[in-house]
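The values are calculated or read from the model by the stated rules, or taken from the named source; none is laboratory data. If you're wondering where the values come from, they're calculated on a predicted model, not measured in any experiment. For neighbour counting, all protein chains shown are included, and Cβ atoms are generated from backbone atoms with ideal geometry for every residue, glycine included.
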Amino acid sequence: MTSIESHSFFSSSIPVCARDALFLPSNLKGVDKIVASTHSVDEVKSALNLGASSICLSHIYKTDCKFNLVPKGLNLINDVRKFYNGEIYALGGINSSNFKNCLNAGANKICIMSKAMKCKDESEFVKSFC
């Protein structure tokens, strides 16, 4: 079964004075996991200590969204996999030509943003990953 998860930008909606905590309702019906968006081994460890049930690692490859930042590369996935056996999502610059490298490095799933939002034919885009 295909799974689609959404990513929300909480930081833009949380007042600056409250960014040391994220308040969520206790009755999050239908929410089975909390995926933390992380960019380093230290951020992963912090997220896990705060109770994240899955990790999203970003940005793996060069991407237009973060053109001025150096990609983390597959080494980030490898480094996190050394101490974390849970679910890892890879994000950033992933396409139909390189996604298998992320999975081979230890990611369980991939996330695609820019390429998916810019594609002209959604069906063909999805098929390119099969």
Single residue of the stretch 29-69 satisfying the filter (of a type in the set (Ser, Thr, Tyr) and in contact with a helix residue (DSSP H, G or I) (Cβ under 9 Å, 6 or more places away or on another chain)) that is modelled with the lowest pLDDT: Thr63
Residue within the stretch 65-83 that is within 26 Å of Ser123 (Cα to Cα) and either touching a Leu at 6+ places or on another chain (Cβ under 9 Å) or polar (S, T, N, Q) (or both) present: no
Condition check for Asn98: more than 14 Å from the chain's Cα centre (by Cα), under 23 Å from Glu122 (Cβ atoms) and at pLDDT 95 or above: yes
Within the stretch 32-85, tally of residues that are free of Cβ contacts under 8 Å to residues at least 40 places away in the same chain, part of a helix (DSSP H, G or I) and of a type in the set (Asp, Glu): 3
The one condition in (1) within 16 Å of the chain's Cα centre (by Cα); (2) on the phi < 0 side of the Ramachandran plot that Gly73 fails to fulfil: (2)
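Yes or no, residue by residue, for (1) surrounded by fewer than 13 Cβ atoms within 10 Å (Cβ to Cβ); (2) modelled with pLDDT of 95 or more:
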position	(1), (2)
Leu76	no, yes
Cys119	no, no
Glu124	yes, no
Lys127	yes, no
